[in-house]
Amino acid sequence: MALEREQMDVVAADAAGVPLPPVAKHGQAVTDVGARGSFQEVRDAFAAAEAYAERCKRLAMPVEPSIAVWLRLGGGSLQVPFQSCLLPACEFLAQSQGLKKLSFRSASAPRGTGNANARVLSHVLANNTSLETLDLAYSGIDSDGVADLCAGLRCNKTLKSLSLRGNYLGPKGGELISSLLEQLISEAGPGGATSLRELDISACSIGSGGVRNLAKVAGFKVIYTRLPAAAQEGAPLVNVAHNFETEELWNAITHGLMFLFSIFGTGYLMYKVSDNPVHHIWGTAIFCFGLIFCFGSSTLYHSLFLYPMTGRVLQVLDHAAIYLLIAGTYTPFLLFYSDTPAHMDLLKAEWLLCWLGIVTHICSQYFDWGTSVPYLTGELLLYLMMGWAVLLAWDSFTAQMPGLCISWLVAGGLLYTGGVPFFMLADYRPIHHVIWHLFVAAAAICHWIAVKEAARDALLHHSHGPFSAPVEWWVERFHEVREEISKLHNETQDHGVYRTLIDHLAPLLNGTGTSDAISIPGIAGAFCTPGLDKC
């Protein structure tokens with residue numbers, strides 16, 4: 001009824017010579033409202049909307065409002081819920097000359113529920129001559145649906161961007177996509193370019209083998225990346241991130257186990273150094289924090305790899321944790337043997353480089369140079385430089401530390417360095433990142449043992465550090481204050497709060513200030529500075 005009334009209004013307006021509003025014919029917007037044939041286009045738009053509604057009725061399907069509005073008013077973009085069936089609108093979509101972008105709204109559709117729409121879209125792609133962007137992310141399409149889409153894409157010459165993110169395509173779907181790309185690139189010929197310029201198949205569970213096949217076809221080398229892979233000239237830009245479930249699972253397991261070990265190891269080490277000087281305790285605590293933070297952030301990063309925004313934040317924490325672990329590993333050794341000035345200078349330099357690296361990495365997330373080869377290479381070199389900076393003070397280290405401790409320390413450094421080639425090779429074969437994790441775990445265990453041995457030796461031969469005197473002074477003041485507070489508590493128990501207050505405040509109120517009741521040397525001493533005669 002609403003459409004009939006609107007048709008009558010249009011007829012009346014046309015008879016009265018009133019200009020018609022912009023309308024659309026099968027999704028094509030009318031830009032010249034006064035052009036000849038505008039009335040006919042209005043009628044065609046109404047007819048299309050009515051025909052769509054009638055088809056929905058015949059097929060016992062609900063009318064999708066977004067499609068009805070698009071048919072009536074036109075526009076270059078159409079977004080529909082993934083639950084909607086495109087069958088009643090199939091011919092309208094296929095014949096549209098103004099539709100540029102078609103997308104589906106879905107958080108995560110169940111697997112296979114999008115295959116019916118994929119079959120409809122196969123027909124649309126084969127016949128439509130205007131569609132440029134097709135967003136089917138998380139639409140519930142599996143390998144069967146991809147087979148239908150590929151059939152339509154082979155006939156389409158206008159589509160520039162296709163997103164299949166979050167659909168379970170599996171290895172079979174990956175093979176179909178590879179075959180499609182191979183055909184498109186072959187048809188483009190040497191020096192030519194495919195009409196499809198962007199392809200997003202991230203988080204599609206095609207596996208590392210499927211990604212390698214795509215890399216071979218499209219001509220890109222780096223596959224273990226969370227950015228679109230740079231393909232050969234003429235091939236589309238392909239996003240293959242988050243397709244390595246097996247590798248990421250092992251990454252999470254390896255460092256997850258180390259996270260648990262770090263927690264138990266922290267408790268054991270802190271118990272062992274509980275009677276050591278305070279700078280020993282702080283050095284050990286900082287090292288243990290570095291272990292927990294490093295393995296904890298790495299476990300979360302590899303566990304939540306399917307969540308792009310969360311993964312980006314966790315990646316920053318993961319890289320920051322590497323800097324903290326390196327500086328944190330230096331801290332106990334340099335504090336245990338802090339009676340050498342060079343050790344304190346090295347400790348300051350390590351933490352300065354640590355915070356510089358963290359700030360630089362955070363900034364790299366917001367600039368293009370953050371993904372450049374020079375920056376990534378420089379970051380890796382900074383890790384290695386910080387790790388082997390101990391060579392600058394090697395003579396004093398070997399002169400003071402026991403041989404067993406040095407052996408474990410060197411073993412850990414060699415393991416960290418020995419794992420770097422696998423870290424770099426992971427860009428091409430992601431399973432190598434798991435091997436890198438094993439090297440890191442073994443190195444961390446070696447350094448944990450080295451810290452335990454160094455703490456035992458330092459307690460016997462290097463108990464006095466740069467912070468010993470002021471810390472001991474404050475500890476003495478604390479004990480004095482605690483003793484005086486205990487006396488006040490006992491007096492309060494014996495004489496009551498009121499009587500105790502009178503005894504201590506009466507001399508002040510009388511102005512004498514000579515009573516022993518307010519003579520609290522511990523509290524007075526707490527506000528004095530060592531070396532001064534007056535408080």
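Answer yes or no as to whether G209 is modelled with pLDDT of 90 or more and part of a helix (DSSP H, G or I). Even if it seems obvious, please write down each step before you answer.
Numbers: modelled with pLDDT of 90 or more: no; part of a helix (DSSP H, G or I): yes.
No.
Looking at the range 362-375 only, could you name the residues that are at pLDDT below 90 and part of a helix (DSSP H, G or I)?
D368, W369, G370, T371, V373
Can you go through F289, F295, F261 and tell me which one is touching a residue at least 60 places away in the same chain (Cβ under 8 Å), surrounded by fewer than 20 Cβ atoms within 10 Å (Cβ to Cβ) and outside any loop (DSSP other than H, G, I, E, B)?
Checking each option against the conditions leaves just F261.
Looking at the range 106-128, is at least one residue at pLDDT below 95, under 20 Å from L237 (Cα atoms) and not in a helix (DSSP H, G or I)?
No, because not a single residue in the range 106-128 is at pLDDT below 95, under 20 Å from L237 (Cα atoms) and not in a helix (DSSP H, G or I).
For the range 335-354, give me each residue that is touching a His at 6+ places or on another chain (Cβ under 9 Å) and of a type in the set (S, T, N, Q).
The one that is touching a His at 6+ places or on another chain (Cβ under 9 Å) and of a type in the set (S, T, N, Q): S338.
Could you grab the pairs with beta carbons closer than 6 Å, sequence gap of 6+ or different chains, first residue in the range 208-227 and more than 12 Å from P430 (Cα to Cα), second one modelled with pLDDT under 80?
These pairs meet every condition: A215/I223; A218/A231; G219/A231; G219/Q232; F220/A229; F220/A230; F220/A231.
If the requirement is being modelled with pLDDT of 95 or more, within 21 Å of L384 (Cβ to Cβ) and not assigned by TED's automatic domain parsing to the domain that holds A203, which of these qualifies: A252, A320?
Working: A252 fails: within 21 Å of L384 (Cβ to Cβ).
After ruling out the rest, the residue left standing is A320.
Can you pull out the residues in the range 296-344 that are under 26 Å from V410 (Cα atoms) and within 8 Å of the chain's Cα centre (by Cα)?
Hits for the range 296-344: nothing passes.
Given the conditions (1) in contact with a Gly (Cβ under 9 Å, 6 or more places away or on another chain); (2) over 25 Å from H361 (Cα atoms); (3) of a type in the set (G, A, S), and given that G265 satisfies all but one, which numbered condition is not satisfied?
(1)
From the list G267, G234, which residue is surrounded by fewer than 21 Cβ atoms within 10 Å (Cβ to Cβ) and either modelled with pLDDT of 85 or more or assigned by TED's automatic domain parsing to the domain that holds C446 (or both)?
None of the other options fit; the residue is G267.
Of all residues in the range 390-446, how many are surrounded by fewer than 16 Cβ atoms within 10 Å (Cβ to Cβ) and assigned to a helix (DSSP H, G or I)?
Residues meeting the conditions: 16.
Looking at the structure I just gave you, is E91 among the acidic types (D, E) and not assigned by TED's automatic domain parsing to the domain that holds L159? Give the derivation first.
On the way: among the acidic types (D, E): yes; not assigned by TED's automatic domain parsing to the domain that holds L159: no.
In short, no.
Give the residue, chosen from A147, A116, that is farther than 18 Å from Q83 by Cα, assigned by TED's automatic domain parsing to the domain that holds L184 and touching a helix residue (DSSP H, G or I) at 6+ places or on another chain (Cβ under 8 Å).
Going through A147, A116 in turn, just one is farther than 18 Å from Q83 by Cα, assigned by TED's automatic domain parsing to the domain that holds L184 and touching a helix residue (DSSP H, G or I) at 6+ places or on another chain (Cβ under 8 Å): A147.
Among (1) farther than 22 Å from G145 by Cα; (2) outside any loop (DSSP other than H, G, I, E, B), where does C90 come up short?
(1)
Can you run down the residue pairs with Cβ atoms below 6 Å, 6 or more apart or on separate chains, where the first is in the range 355-379 and assigned by TED's automatic domain parsing to the domain that holds L314 and the partner is of a type outside the set (S, T, Y) and loosely packed, with under 15 Cβ neighbours inside 10 Å?
Sorted first by the residue in the range 355-379, then by its partner, the pairs are Y375/W369.
The values are calculated or read from the model by the stated rules, or taken from the named source; none is laboratory data. Quick caveat: nothing in here was measured; it's all calculated off a predicted structure. Here Cβ is always computed from backbone atoms with ideal geometry, including for glycine, and neighbour counts include all displayed protein chains.
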